[in-house]
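In what follows, a structure is listed as structure tokens, so that the remarks can point back to it.
The values are calculated or read from the model by the stated rules, or taken from the named source; none is laboratory data. Predicted, not measured: the structure shown is a model, and the values here were computed from it. Neighbour counts are summed over all protein chains in view; Cβ atoms, including those assigned to glycine, are modelled from backbone coordinates with ideal geometry.
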Amino acid sequence: MKHEQKLSENMQEKEIHSEKAKFKTLLIEDVKYKTLFNKKFENRKVWKAADPNKVRSFIPGSIVKVFVKPGQKVKKGTDLLLMDAMKMSNFFRASSDCTVKNVFVKPGDKIPKGFVMVEMS
């Protein structure tokens with residue numbers, strides 16, 4: 001019995017030491033935090049900034065109308081397309097003065113979240 005208890009204590013110590021080896025330091029606004037990361041966090045998709053030249057859907061939906069064509073020059077605030085999602089109409093507008101490079105959707109298309117609908121240049 002004592003042998004089993006000692007073995008169990010040794011296993012617990014090994015677990016503690018292996019956990020200590022996984023401590024990471026985060027730097028947030030010049031403050032250091034020491035923490036453990038779980039596997040889900042370590043295997044997460046790395047964040048990267050969105051490409052401002054690509055208009056992506058933020059929710060799944062259906063394209064109702066496309067207002068632009070490839071090669072067309074648009075001003076900031078110009079309507080690019082209309083999408084219905086969750087019983088709401090969503091207008092997508094140009095965020096700057098630019099030229100439409102490609103349009104990847106047409107009326108009636110059902111698109112998933114994150115789909116590139118229009119590419120600008």
In the set D84, D51, the lone residue that is under 22 Å from the mean Cα position of the chain (by Cα), of a type outside the set (G, A, S) and within 20 Å of S121 (Cβ to Cβ) is D51
Of (1) on the phi > 0 side of the Ramachandran plot; (2) at pLDDT 95 or above, K110 fails just (1)
Looking only at region 104-121, which residues are touching a strand residue (DSSP E or B) at 6+ places or on another chain (Cβ under 7 Å) and either farther than 10 Å from I63 by Cβ or aromatic (F, W, Y) (or both)? F104, G114, F115, V116, V118, E119, M120, S121
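Each row is one residue, and each column tells you yes or no for (1) loosely packed, with under 13 Cβ neighbours inside 10 Å; (2) among the hydrophobic types (A, V, I, L, M, F, W, C).
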position	(1), (2)
D51	yes, no
R56	no, no
I59	no, yes
G71	yes, no
K76	yes, no
L80	no, yes
N90	no, no
S96	yes, no
V103	no, yes
Looking at region 22-33, which of the residues that are assigned to a strand (DSSP E or B) and surrounded by 10 or more Cβ atoms within 10 Å (Cβ to Cβ) is nearest to the chain's Cα centre (by Cα)? L26
